[in-house]
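The values are calculated or read from the model by the stated rules, or taken from the named source; none is laboratory data. All values derive from a computational prediction rather than experimental measurement. FYI the Cβ positions are ideal-geometry reconstructions off the backbone, even for glycines, and counts take in every protein chain you see.
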Amino acid sequence: MKKKERSLERIERRFNKEKKVIERLKGLKVLVKREMTRIIREKCDGCGNCIEVCPFNVLKIEKGKAVVKNPERCRKCGACVSACPNNAIILED
Ligand code: SF4
Ligand code: SF4
């Protein structure tokens, strides 16, 4: 087999492989999670105010500090920020 034919075959094989991958990816949904609420751990004293006021169950206490448990549920209402006595919560844009 000539050199040119061999390289054409190689290119075709590679192309078919990539085509199969693209076909498989078409069926997948891509979920991008964006964290809207951020807790400054050093400032948090674990009082739990933010957890009580959050209407969407975004936050929870873990090892004595607030953590963002369900970031995708945050509606940026700001209730947790107002309830925090230590300014430990930041709402990202
Ligand atoms: S901004 Fe509102 S929805 Fe988001 S974590 Fe704070 S209280 Fe919950
Ligand atoms: S209200 Fe502030 S200090 Fe209290 S648990 Fe939430 S982040 Fe921590």
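General remarks:
Let's see how each residue does on (1) of a type in the set (D, E, K, R); (2) over 21 Å from the mean Cα position of the chain (by Cα):
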| position | (1), (2) |
| --- | --- |
| Asn16 | no, yes |
| Arg41 | yes, no |
| Gly48 | no, yes |
| Ala79 | no, yes |
| Ile90 | no, no |
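- Filtering segment 21-55 to residues that are near ligand 1 (Cβ under 10 Å from one of its atoms), modelled with pLDDT of 95 or more and part of a loop (DSSP other than H, G, I, E, B) leaves Cys54, Pro55.
- Single match in Lys60, Lys76 (criterion: basic (Lys, Arg), assigned to a loop (DSSP other than H, G, I, E, B) and within 16 Å of ligand 1 (Cβ to nearest atom)): Lys76
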